[in-house]
Amino acid sequence: MSMRSAWRRWLGQFEQSLDQLAISTIDVSHFDDAERRSVTLALFARFRAELRAALTLADAGHDMAFRSYCRSAIECALHLLHGEAQGNYLEQLRMDDTVSRRSRAKTFLKNSHGRLAANATESLEKFLRDSAGAKGKLLISEIETPFPRLNHVYREISADSAHVTWTSLHRQVNQTKIGWISVEVEAKVSEDEMEESASILAFSGLVATKSLLEIVPELDERYDLQAIFESYKPVYLDGKEKKE
C-alpha cells in the first residue's frame with residue numbers, strides 16, 4: 001500500500017525546503033552554549049538523513065522499512081524536543097552513551113578469555129573504573145512532550161515494525177485460507193498505517209525544525225516555519241477526514 005500522493009508531494013517539498021537552513025554553513029563556536037547548538041545541528045542533520053532514507057524506501061515500495069525509518073525520524077524529533085526543554089540534556093546524552101559503552105566493554109572483556117593484548121585490557125579496565133558512577137539511561141519513549149501522538153506512534157512503530165516482537169512477527173505470516181499459512185518477506189502495511197506513518201513523519205519534521213529554530217535562533221530568518229505548517233494542515237486534515 002503506497003503512501004498517499006499528497007503526503008509524498010508535501011514531504012518531498014518539505015525536504016527540499018530544508019536547504020534554506022544551510023545548517024552546514026553556520027558557525028556556533030563563539031556562543032556560550034556552542035556544544036548544545038552543535039549537538040542540535042547534528043541531531044537535525046540526522047533527522048534529515050532519516051527523512052531522505054524513508055522517502056527512498058517508500059518510493060521503492062518497501063513500506064515496512066519506510067515505517068521503521070519513520071520511527072527513526074520521530075526519535076530525532078524527540079531528542080530535539082528534549083534538548084530544547086531540558087537543560088541537562090547533554091549530560092543525559094553522555095551518560096546514556098557511557099552506560100552503553102560500559103556494557104559493551106564488560107561483555108568484550110568477558111568473551112576475550114584473556115586473549116587481548118595487555119595494553120588493550122588495561123585500557124578497557126581503566127575505562128570501567130573511571131566510569132563506575134555512570135547510572136541511568138535516556139529513555140526516549142518516556143520523554144514527556146506537548147505532543148502525545150508523537151510518543152504514542154513512536155512506541156507503536158517500535159512494537160510492530162522496528163523491532164523483532166511477537167506483534168511484528170505476525171506481519172510476516174499470512175493465512176491464505178483455512179489450514180494454509182504462508183510467510184511473507186515483504187510484510188503488508190495497511191492504508192491506515194501508511195497514512196499514520198506519513199502523517200507522523202511530516203509532523204516530526206515540523207517539531208524537529210521548531211526545536212532547531214528555538215535552540216539556534218539565528219536560523220529563524222532563513223526559514224518560514226509558519227508557511228510550511230500552513231501547507232501541512234490541509235494534507236493532514238484531508239487524511240483525517242478520510243479515516244473518519
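I'd like the residue in region 13-32 that is surrounded by 13 or more Cβ atoms within 10 Å (Cβ to Cβ) and either in contact (Cβ under 8 Å) with a residue 40 or more places away in the chain or in contact with an Asp or Glu (Cβ under 8 Å, 6 or more places away or on another chain) (or both) and, out of all such residues, is farthest from Glu193 (Cα to Cα). This residue is Val28. Taken over region 66-86, the criterion of being small (Gly, Ala, Ser) and either at pLDDT below 90 or touching a Leu at 6+ places or on another chain (Cβ under 6 Å) (or both) is satisfied by Ala73 alone.
So for region 226-240 (the condition being basic (Lys, Arg), part of a helix (DSSP H, G or I), at pLDDT 85 or above and open to solvent by less than 80 Å² (accessible area, probe 1.4 Å)), does at least one residue qualify? Reasoning before the result, please.
The initial filter retains those residues of region 226-240 that are basic (Lys, Arg), namely 233, 240.
The next check asks that each one be part of a helix (DSSP H, G or I); those that pass are 233, 240.
From the residues that got through so far, the ones that are at pLDDT 85 or above too are 233.
With open to solvent by less than 80 Å² (accessible area, probe 1.4 Å) added as a condition, the list becomes 233.
The answer is yes, given that some residue of region 226-240 is basic (Lys, Arg), part of a helix (DSSP H, G or I), at pLDDT 85 or above and open to solvent by less than 80 Å² (accessible area, probe 1.4 Å).
Residues of region 140-158 that are at pLDDT 85 or above and open to solvent by 40 Å² or more (accessible area, probe 1.4 Å): Pro146, Phe147, Pro148, Arg149, His152, Arg155, Glu156. Of note, Phe44 does not satisfy the criterion of being aromatic (Phe, Trp, Tyr) and outside any helix (DSSP H, G or I).
Table: residues versus (1) at pLDDT below 95; (2) exposed (fewer than 12 other Cβ atoms within 10 Å of the Cβ).
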position	(1), (2)
Arg171	yes, no
Gly179	yes, yes
Leu212	no, no
Lys243	yes, yes
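The set of residues in region 34-58 that are surrounded by fewer than 18 Cβ atoms within 10 Å (Cβ to Cβ) and without any contact (Cβ under 8 Å) to a residue 24 or more places away in the chain comprises Ala34, Ser38, Ala42, Ala45, Ala49, Ala53, Thr56.
The values are calculated or read from the model by the stated rules, or taken from the named source; none is laboratory data. Just so it is clear, the structure is predicted and the values come from calculations on it, not from any experiment. Methodologically, a virtual Cβ is constructed for each residue, glycine included, from the backbone with ideal geometry; neighbour enumeration extends over all protein chains shown. For accessibility, only protein heavy atoms count, side chains too; no ligands or nucleic acids. Shrake-Rupley method; radii C 1.70, N 1.55, O 1.52, S 1.80 Å.
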